[in-house]
1. Report whether or not L71 is under 22 Å from A132 (Cα atoms), surrounded by 11 or more Cβ atoms within 10 Å (Cβ to Cβ) and at pLDDT 80 or above.
2. Looking at (1) open to solvent by 80 Å² or more (accessible area, probe 1.4 Å); (2) within 18 Å of the chain's Cα centre (by Cα); (3) modelled with pLDDT of 85 or more; (4) of a type outside the set (S, T, Y), which one does K43 not meet, given that it meets all the others?
3. Consider the range 97-124. How many of its residues are surrounded by 13 or more Cβ atoms within 10 Å (Cβ to Cβ), in a helix (DSSP H, G or I) and of a type in the set (A, V, I, L, M)?
4. Please name all residue pairs, on different chains or six or more residues apart, with Cβ atoms under 9 Å, provided the first residue is in the range 41-62 and is more than 22 Å from L106 (Cβ to Cβ) and the second residue is open to solvent by 80 Å² or more (accessible area, probe 1.4 Å) and part of a helix (DSSP H, G or I).
5. Tell me, please, whether a residue that is modelled with pLDDT of 75 or more, buried (at least 16 other Cβ atoms within 10 Å of the Cβ) and either farther than 29 Å from L17 by Cβ or not aliphatic (A, V, I, L, M) (or both) can be found in the range 85-96.
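The values are calculated or read from the model by the stated rules, or taken from the named source; none is laboratory data. Worth saying up front: this structure is predicted, and the values here are computed from it rather than measured. For neighbour counting, all protein chains shown are included, and Cβ atoms are generated from backbone atoms with ideal geometry for every residue, glycine included. Heads up: the accessible areas ignore ligands, DNA and RNA and are worked out on the full protein's heavy atoms, side chains in. Shrake-Rupley method; radii C 1.70, N 1.55, O 1.52, S 1.80 Å.
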Amino acid sequence: MSSSGGGGNSPFAWLGLLKWSLAHQDGTRPSSDVAPMSEEDRKFLESVMKDGIVDEGERMKTILTELTESLETIRDSVPGETESNGGEQKRKELSEDEISDLLLELRDIVEQIDYARAFTAMGGLPFLIGCASENKAVPRTIRSE
């Protein structure tokens, strides 16, 4: 996975285009009928590839970051568990529904074997085990899903 955040640089980002191209180029038309792509079409295709494809690896990182920040906020707000942060509360506390939605989205991504490997490489398993074992900060409804 590239860490640059540019979805167009990932070889997985081009997989959809390859599948489409193979499906629509069946060899029944002579190759002499094929014209070079116009500049307008090229710009359109590049914008679709850049903006229209979600980099699942980056999305996993974003989800883990959001969940970590929210769960730390919840943990810090539990009486007896605070690490006096001087009243600095920059992190957003997500609702149970938002946390649940993020975990479900993460599950959908990780169900793909390549992303499951990337998830373990970025330390996702210790995060999930920590969430499941955290009794005071993580609501039971989230831990049981």
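1. On the way: under 22 Å from A132 (Cα atoms): yes; surrounded by 11 or more Cβ atoms within 10 Å (Cβ to Cβ): yes; at pLDDT 80 or above: yes.
It is true that L71 is under 22 Å from A132 (Cα atoms), surrounded by 11 or more Cβ atoms within 10 Å (Cβ to Cβ) and at pLDDT 80 or above.
2. (2)
3. Total meeting the criteria: 8.
4. Close Cβ pairs (under 9 Å, with a partner that is open to solvent by 80 Å² or more (accessible area, probe 1.4 Å) and part of a helix (DSSP H, G or I)) amount to M49/W14.
5. Yes, some residue in the range 85-96 is modelled with pLDDT of 75 or more, buried (at least 16 other Cβ atoms within 10 Å of the Cβ) and either farther than 29 Å from L17 by Cβ or not aliphatic (A, V, I, L, M) (or both).
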